[in-house]
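Notes follow the structure.
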Amino acid sequence: MKFTTDPPYTETSLPDHTQLPESDGKFVKNWQEHPQSILLTESITPVLQKRHPDGQYCIGQDLGIYWRITDPPERGAEAPDWFYVPNVPLLLNGQFRRSYVLWQEYISPLIALEFVSGNGAEERDKTPWQGKFWIYEQVIKPAFYGIYEVTKANLEVYELIGGQYQLLSANERGHYLMTPMGVEIGLWQGEYKNMELPWLRWWDLQGNLLLTGEERANRLAAQLRALGVEPEA
């Protein structure tokens, strides 16, 4: 009998993003997750467009990151509430990604964010091969991992240093520096989508809040009114 140590799959036989489930069938646990993701994406987009004039970047919102082959397949994926990957094409083989498959993409996210729905234990679980924290730290390896708890107005940001996540300290503004992105991240108490909450937001390195398109338009309208000019409807 011939024994072999070869893996059961070759690179060409592994499933890609079109062959893997794009959902594990669970409901969104926190109603705030959707507007929070939109707020993060819309306000950071002008910054990322400048950093990537060729359009080579990807933002995922509840998109599965596949890191191993399992049965059923979706058990081999984690789905951060929000993540950003630099230097990858928007389309993969001419198609929008149904998932982000590490053995197909190779490049890890620069940042992954989890929005806590329960008590935060799931997001901090370091159980080998099972816990979210362990999987992000040891396998998916985003350079930054953030745990955001809206009900507690709390944000923890970890940076991958020497193969382990180190908890970062906030700066004098209460923000966390994301040097590779050229921004800071932190909590902003204010109204968005008719709700007053401690929202997760971006600032530039001078401490200026990165605005959404609607916020920029409202600010311009206010400036025009201050000059005695009524903006057109």
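Specify which labelled value, from (i) 11; (ii) 18; (iii) 21, agrees with percent of Cα pairs over 34 Å apart derived from the coordinates of the model shown. Here the calculated entry is (iii). Dipole check for the chain: with +1 at the C-beta of Lys and Arg, -1 at the C-beta of Asp and Glu, and the Cα centre as origin, the magnitude is about 200 Debye.
If you take every DSSP beta bridge fully contained in region 64-148, what fraction is antiparallel? Give it as a percent rounded to 5. Roughly 50 percent of the beta bridges in region 64-148 run antiparallel, per DSSP. What is the distance in Å between the Cα centres of region 44-105 and region 180-229? Their Cα centres are 26 Å away from one another. Scanning the chain for chymotrypsin sites (Phe, Trp or Tyr not before Pro) lying in DSSP loops with no more than 13 further Cβ atoms inside 10 Å, the longest uninterrupted stretch between such sites is 130-233. For trypsin sites (Lys or Arg not before Pro), the sites in region 110-171 that DSSP calls loop and that have at most 16 other Cβ atoms within 10 Å are 124, 126. Computed from label points 7 Å out along Cα-Cβ, the spacing between residue 14 and residue 52 is 2.0 nm. Extension gain, residue 208-residue 95: 0.36 nm per intervening residue step, less the Cα-Cα distance, totals 37.1 nm.
Given R0 = 30 Å, the distance between the Cβ atoms of residue 126 and residue 217 translates into a calculated FRET efficiency of 0.10. If you count Lys pairs in the chain whose Cα atoms are under 22 Å apart, skipping same-chain pairs closer than 8 places in sequence, the total is 10.
The modelled label-to-label distance for the pair residue 139/residue 224, using points 7 Å beyond Cα in the direction of Cβ, is 5.2 nm.
With contacts taken as Cα pairs under 8 Å at a separation of at least 6 residues, the chain carries a relative contact order of 14 percent. Computed with a 1.4 Å probe over protein heavy atoms only, the accessible surface of the chain comes to 57 Å² per residue.
Full extension of the segment from residue 87 to residue 152, taken as 0.36 nm per residue of separation minus the current Cα-Cα distance, would add 20.0 nm. Just add up the charged neighbours of residue 203: K/R +1, D/E -1, any other residue whose Cβ is under 10 Å from the Cβ of residue 203. So the environment of residue 203 carries a net charge of 0. For the chain, the carbon plus sulfur part of the accessible surface works out to 52%, probe radius 1.4 Å. Only Lys, Arg, Asp and Glu carry charge here, each on its Cβ (+1 for the first two, -1 for the last two); on that basis region 67-201 has a dipole of about 260 debye about its Cα centre.
The values are calculated or read from the model by the stated rules, or taken from the named source; none is laboratory data. Fair warning: this is a prediction, and the values are worked out from it, not measured in the lab. Methodologically, a virtual Cβ is constructed for each residue, glycine included, from the backbone with ideal geometry; neighbour enumeration extends over all protein chains shown. Ligands, DNA and RNA are excluded from the accessible area calculation, which covers all protein heavy atoms including side chains. Shrake-Rupley method; radii C 1.70, N 1.55, O 1.52, S 1.80 Å.
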